[in-house]
1. Are any of the residues in the range 142-156 surrounded by fewer than 24 Cβ atoms within 10 Å (Cβ to Cβ) and within 24 Å of Ala242 (Cβ to Cβ)?
2. Being crowded, with 16+ Cβ neighbours inside 10 Å, modelled with pLDDT of 80 or more and among the hydroxyl-bearing types (Ser, Thr, Tyr) is the filter here; which residues of the range 8-60 pass it?
3. Could you please find all residues in the range 111-157 being under 20 Å from Val181 (Cα atoms) and β-branched (Val, Ile, Thr)?
4. Find all pairs meeting these conditions: Cβ atoms under 7 angstrom apart; at least six residues apart or on different chains; first residue within the range 130-159 and farther than 23 Å from Val204 by Cα and outside any loop (DSSP other than H, G, I, E, B); second residue β-branched (Val, Ile, Thr) and open to solvent by 10 Å² or more (accessible area, probe 1.4 Å).
5. I'd like the residue in the range 118-131 that is closer than 30 Å to Ser262 by Cα and surrounded by 19 or more Cβ atoms within 10 Å (Cβ to Cβ) and, out of all such residues, is farthest from the chain's Cα centre (by Cα).
6. Can you tell me which residue in the range 165-205 is modelled with the highest pLDDT, limited to those that are open to solvent by less than 10 Å² (accessible area, probe 1.4 Å) and among the β-branched types (Val, Ile, Thr)?
7. For Ala229, indicate whether it is at pLDDT 90 or above, out of contact with any Pro (no Cβ under 8 Å at 6 or more places or on another chain) and surrounded by 22 or more Cβ atoms within 10 Å (Cβ to Cβ).
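The values are calculated or read from the model by the stated rules, or taken from the named source; none is laboratory data. Since we're looking at a predicted model, the values are computed, not measured. Positions of Cβ are generated from backbone atoms using ideal geometry, with glycine treated the same way; all protein chains shown enter the neighbour counts. Side chains included, ligands, DNA and RNA excluded: accessible areas come from the protein's heavy atoms. Shrake-Rupley method; radii C 1.70, N 1.55, O 1.52, S 1.80 Å.
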Amino acid sequence: VGEGAVYTAGAAWLVALCPPERRGRVVGLYGIHMWLGVTLGALFGTVALRLGGYPAVWLLCVAFALVGVVLVVSRPRPAQPAPAGRPAGLLPASAVLPGVALSLAALGYAALAAFVALHLGERGITNGIAAFNAYGLTYVGVRLFAGGLPDRLGAGRVAFWSALVEAVGLLLVAVAPNLVVAVVGGLVMGAGLSLLFPSLALLVINRTEAAHQGAALGAFTSFWDIGIAAGGPLAGLVASLAGYPAVFYVMLALAVVSALLSSLGTATRRVPAAPRSTG
């Protein structure tokens, strides 16, 4: 509950502070910091475990959370959007189409994480997890160096091509005759998914009233978690019925559907910025 609320509130805070022409890049950088925390948390937790056992791990987590509290309360309160005339609801309409597109793309990531080593191992290729590691490399790199593309080229256009790039990566993994091709597939997938999330998030932000943007972003990000949760079991079912290569072909098709849904998002009405109060 705490982590979900912190992530959503932080995203809404960023949107309130950031100029509209830079929102896509800033949301992308925000996501990188989340992954950085996950990565460093595992590292620091391992060190704490070796030095002081499991109690030290959880005390370290408490300490980090308290540092987060201090960082938040030390900053001035951002300007609040003008109240809306109606509640946002549990699932704001502006988050549905981009959210479904995000879930479909997340299925491919889940399949890569769960089955790439098994898929390559069946072909006699060792160290298949390197393809998954390669994914992380371009996922972070592209967002750092090309994270402004959704702002410059349009969120819907970048989301469309990002999902297609993911599909190409899935195809390379599916047909990979050796580790090199599989690693290239992981790199391509990472490049595609890297900009897909901030692009779709930008679509949600631009099509949501200012007072409802926090609720819309919270609903939107939950679609990623849904895709991750469903991706492993779905990929396992496909693998049991048709083999490991079929997993990546199915996810490829779903990534193409994600691209089509992303292109539909470009036709959605953009909500003009609402005036903000300083309360």
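1. Among the residues of the range 142-156, not one is surrounded by fewer than 24 Cβ atoms within 10 Å (Cβ to Cβ) and within 24 Å of Ala242 (Cβ to Cβ), which makes the answer no.
2. Tyr30
3. Val116, Ile125, Thr126, Ile129, Thr138, Val142 - these are the residues of the range 111-157 that are under 20 Å from Val181 (Cα atoms) and β-branched (Val, Ile, Thr).
4. Ala130/Val183; Ala131/Val183; Ala134/Val183
5. Let us first name the residues in the range 118-131 that are closer than 30 Å to Ser262 by Cα, namely 119, 129-131.
Filter once more, keeping what is surrounded by 19 or more Cβ atoms within 10 Å (Cβ to Cβ): 119, 131.
Numbers: His119: 24, Ala131: 19 Å.
Ranking the candidates gives His119 first.
6. In this case the residue turns out to be Val173.
7. Working: at pLDDT 90 or above: yes; out of contact with any Pro (no Cβ under 8 Å at 6 or more places or on another chain): yes; surrounded by 22 or more Cβ atoms within 10 Å (Cβ to Cβ): no.
No: the conditions fail for Ala229.
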